[in-house]
1. Once you keep just the Cα pairs under 8 angstrom separated by 6 or more residues, what percentage relative contact order results for the range 1-57?
2. Given a 1.4 Å probe, how much area per residue of the chain is accessible, in Å²?
3. About the Cα centre of the chain, what is the dipole size in debye to 20, counting +1 per Lys and Arg Cβ and -1 per Asp and Glu Cβ, all else neutral?
4. Using only DSSP helix segments of four residues or longer, with each worth -39500 (n - 2.57), what per-residue ellipticity at 222 nm results for the chain after dividing by its residue count and rounding to 500?
5. Keeping the other protein chains in place, figure out the carbon and sulfur percent of the accessible area of the chain, with a 1.4 Å probe.
6. Kindly provide log₁₀ I(q)/I(0) values, in the same order as q = 0.14, 0.22, 0.26 Å⁻¹, from the Debye equation applied to equal alpha-carbon scatterers of the chain.
Amino acid sequence: LTLPEGAERLAESDLFPNQAFRHGPSVLGLQFHPEAKPDAFRRWQDAYPGHYDRPGCQSRGDQDAVIDAAQPAQAAWFDTVLSEFFTHR
């Protein structure tokens, strides 16, 4: 998918190049859950174990490692994005 015309990309990944974007002063689009802490992810993993059988999906162990390693940076990024978003409206 492409971003709306005039949108600014804020985050991307190899599989999903448009993970987050901003469009003007009042639209923030997210393709992931930056608000979720590791315990929330664990609950989702437990609730949907069949997810790991889908093509292209990381194993649970690989996903756990990414979640644990990325969480501090993700939380700091999300705090910054929210702060900037609401400060510059």
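The values are calculated or read from the model by the stated rules, or taken from the named source; none is laboratory data. Remember, predicted model here, so these are calculated numbers, not experimental data. Counting neighbours? That spans all protein chains shown, and the Cβs are built from the backbone with ideal geometry, glycine included. The protein model used for the area step is the full one, side chains on, heavy atoms only, and it has no ligands, DNA or RNA in it. Shrake-Rupley method; radii C 1.70, N 1.55, O 1.52, S 1.80 Å.
1. Averaging sequence separation for qualifying contacts and normalising by length gives 19 percent for the range 1-57.
2. 72 Å²
3. Dipole magnitude for the chain comes out near 180 debye.
4. It comes out at -14500 deg cm²/dmol, rounded to the nearest 500.
5. 56 percent
6. -0.60, -1.18, -1.36
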